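The values are calculated or read from the model by the stated rules, or taken from the named source; none is laboratory data. All values derive from a computational prediction rather than experimental measurement. Note: ideal-geometry Cβ built from the backbone for every residue, glycine included; neighbour counts use all protein chains shown. The area values use the complete protein model at the heavy-atom level, side chains included, leaving out ligands, DNA and RNA. Shrake-Rupley method; radii C 1.70, N 1.55, O 1.52, S 1.80 Å.
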Amino acid sequence: MFDLIVKGGVLPDGKVADIGIKGNKIAAIGPLDDAEAAQVIDASGDLVSPPFVDPHFHMDATLSYGLPRINTSGTLLEGIGLWGELKQVMTQDDVVDRALKYCDWAASMGLLAIRSHVDTCDDRLLGVEALLEVRNQVKDYIDLQLVAFPQDGFYRDATARQNTIRALDMGVDVVGGIPHFERTMTDGAASVTELCEIAAGRGLQVDMHCDETDDPHSRHIETLARETQRLGLQGRVAGSHLTSMHSMDNYYVSKLLPLIAEAEINVIPNPLINIVLQGRHDTYPKRRGLTRVKEMLALGINVGWGQDCVLDPWYSLGTGDMLDVAFMGLHVAQMTSPKEMRTCFDMVTVNNAKTMGLTDYGLHVGAKASLVVLDAGDPIEALRLRAGRLCVIANGSVVSQTPRADASLTLKGRPEMLRRRHNSGDL
């Protein structure tokens with residue numbers, strides 16, 4: 001007897017299987033025709049996927065667009081300045097309310113694991129306290145990791161160092177940084193070293209905003225790779241953005257990418273935001289700032305798409321849909337072959353789960369019973385349609401259901417009902 005069975009779903013690898021759930025774990029995968037369950041979800045012909053994962057977000061700022069004003073230049077630097085203004089007037093309740101609303105959006109879209117940076121350049125640590133509360137409130141349906149992020153610079157801001165350590169003492173999960181925003185390249189490199197040493201001493205992961213700039217001479221990812229190896233942090237470090245690599249010469253990159261691979265650094269480009277914020281000082285040709293995704297994947301580097309922002313000082317759009325993120329990423333990275341598109345789906349599921357260290361993630365017996373039923377027949381069709389989430393299951397419980405988005409037609413001689421699915425088959 002199962003608590004829940006998902007019947008007849010198509011798994012990402014193309015296999016058709018039933019999934020039996022007991023409690024909050026997957027208990028069986030295979031033919032379960034004679035099995036009984038308290039609840040049955042009919043997923044016949046629909047894609048059943050592990051949940052979506054976002055390894056790079058800013059939940060303390062989300063849904064604040066227009067407060068206290070709009071970023072008129074659309075630049076990264078004005079967004080940072082605007083965020084500084086908002087920090088002075090926002091309250092803890094405001095941060096909690098906005099974050100919980102976003103988590104509602106996330107749950108409805110099958111986004112059940114999020115890594116959020118939280119600003120530590122605030123002596124009150126208001127955002128840290130707020131997101132620690134949110135982490136506790138959503139723990140039954142969303143895995144929320146928090147990164148201690150000195151937004152104004154670990155050394156550049158007078159109290160950032162002590163506040164970052166305070167945040168880690170309060171229970172924040174991951175050590176963050178922003179070396180390219182320090183006053184000098186030397187300070188940036190030194191911040192990478194010290195922050196990695198802090199993480200190694202505490203047994204924590206590292207996730208750096210690294211080289212989020214058009215400047216090809218911003219090369220802190222090189223230092224991050226070195227410190228990762230020196231301190232034995234392989235597999236526990238992520239470099240987020242890496243947009244300067246878009247502007248670097250090919251000879252230097254040919255040296256850099258093997259260093260990243262050897263250090264087993266996870267990489268998180270954020271395509272929606274990278275192409276909006278980068279290249280703002282260019283006329284034409286205009287750089288778009290996405291790092292070298294295909295080249296990294298070819299070297300076996302774990303790369304996953306991140307969302308970064310939704311309706312905040314840096315980005316005026318967004319819904320929390322990781323399929324939107326992957327859809328944009330495959331266009332900008334020109335990953336349009338069938339194999340590459342399937343990789344893009346992996347980049348918002350299994351690749352990102354690896355970056356976050358989610359050991360109980362996936363569709364296998366013993367994994368956490370969190371999954372998504374999508375209105376698509378395979379991963380490529382899910383990307384093409386940004387498919388609806390027919391059912392979202394978190395820790396063994398159904399948390400969201402959405403009707404199919406079928407259209408009724410009144411066209412002479414044509415079908416009365418239209419479904420835009422057109423499966424990719426064996427591509």
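The range 231-349: D in µm²/s via Stokes-Einstein (Kirkwood Rh, Cα pairs, 4 °C, 1.567 mPa s)?
Using the Kirkwood radius from Cα pairs, D works out to 87 µm²/s.
What is the sum of charges around Leu358, taking Lys and Arg as +1, Asp and Glu as -1, for the other residues whose C-beta is under 11 Å from the C-beta of Leu358?
With Lys, Arg at +1 and Asp, Glu at -1, the neighbours total +1.
What's the long-distance tail for the range 188-292, i.e. % of Cα pairs beyond 20 Å?
For the range 188-292, the share of Cα pairs beyond 20 Å comes to 37 percent.
Testing the spin-label approximation: label points 7 Å from Cα along Cα→Cβ at Glu129 and Lys255. State their distance in nm.
4.9 nm
Quick one: Debye curve from the alpha-carbon atoms of the range 99-235 only, equal weights, vacuum; give me log10 I(q)/I(0) at q = 0.09, 0.16 Å⁻¹ to two decimals.
-0.28, -0.82
Provide the percentage of antiparallel DSSP beta bridges, counting only those with both residues in the range 1-139; round to the nearest 5.
50 percent
Based solely on C-alpha atoms, express the radius of gyration and the Dmax of the range 307-427 in angstrom.
When restricted to the Cα atoms of the range 307-427, Rg and Dmax are 16.6, 54 Å.
Rounded to two decimals, what is Rg over Rh for the range 155-245 when you use alpha-carbon atoms and the Kirkwood radius?
Radius of gyration over Kirkwood radius for the range 155-245 works out to 0.95.
Percent of accessible area on the range 30-167 owned by carbon and sulfur, 1.4 Å probe?
Exposed carbon and sulfur together represent 49 percent of the surface.
Would you calculate, for the chain, the mean residue ellipticity at 222 nm contributed by helices, counting each DSSP H stretch of 4 or more residues as -39,500 (n - 2.57) and dividing by all residues, to the nearest 500?
-10000 deg cm²/dmol
Accessible area, 1.4 Å probe, largest first: how do Lys286, Lys412, Lys87 sort?
The most accessible residue leads, giving Lys412, Lys286, Lys87.
Within straight cross-link reach of Lys294, meaning Cα distance under 29 Å, which lysines are found once same-chain residues fewer than 8 apart are removed?
Lys15, Lys255, Lys286, Lys339, Lys354
Can you compute the FRET efficiency between Asn24 and Thr359 using 1/(1 + (r/R0)^6), with r the Cβ-Cβ distance and R0 = 22 Å? Round to the nearest 0.05.
With R0 = 22 Å, the Cβ-Cβ based efficiency is 0.90.
Please give me, ordered by residue number, the trypsin sites (Lys or Arg not before Pro) of the range 160-211 that lie in loop per DSSP and have at most 10 other Cβ atoms within 10 Å.
Counting only loop positions with at most 10 other Cβ atoms within 10 Å, the trypsin sites (Lys or Arg not before Pro) in the range 160-211 are Arg183.
Can you compute the modelled spin-label distance between Ser44 and Glu197, with each label point 7 Å from Cα toward Cβ, in nm?
6.4 nm
Using the alpha-carbon atoms, what tilt in degrees (0 to 90, nearest 10) does helix 185-202 show relative to the longest principal axis of the chain?
The answer is roughly 60 degrees.
Suppose each label sits 7 Å from its Cα in the direction of the beta carbon; what would the Gln92-Asp33 distance come out to in nanometres?
In this crude spin-label approximation the distance works out to 5.8 nm.
Before I look further, what does the chain give for accessible area per residue, probe 1.4 Å, in whole square angstrom?
40 Å²
Would you please report the Å³ per residue occupied by the convex hull of the alpha carbon atoms in the range 1-72?
Enclosed volume per residue, from the Cα hull, is 169 Å³.
Work out how much length Glu262 to Val16 would gain on full extension: take 0.36 nm times their residue separation and subtract the Cα-Cα distance, in nm to one decimal.
84.8 nm
One quarter of the convex hull surface, Cα atoms only: what value does that give for the chain in nm²?
Mean shadow area of the hull around the Cα atoms is 22.5 nm².
Quick check on the range 69-160: what are the equivalent-ellipsoid semi-axes from the Cα gyration tensor, as sqrt(5λ), descending, whole Å?
They are 24, 16, 13 Å, listed from largest to smallest.
Could you list log10 I(q)/I(0) for the range 34-102 at q = 0.13, 0.15, 0.18, 0.28 Å⁻¹, which the Debye formula gives when each Cα is one point scatterer?
Results for the range 34-102 at q = 0.13, 0.15, 0.18, 0.28 Å⁻¹ read -0.58, -0.66, -0.79, -1.30.
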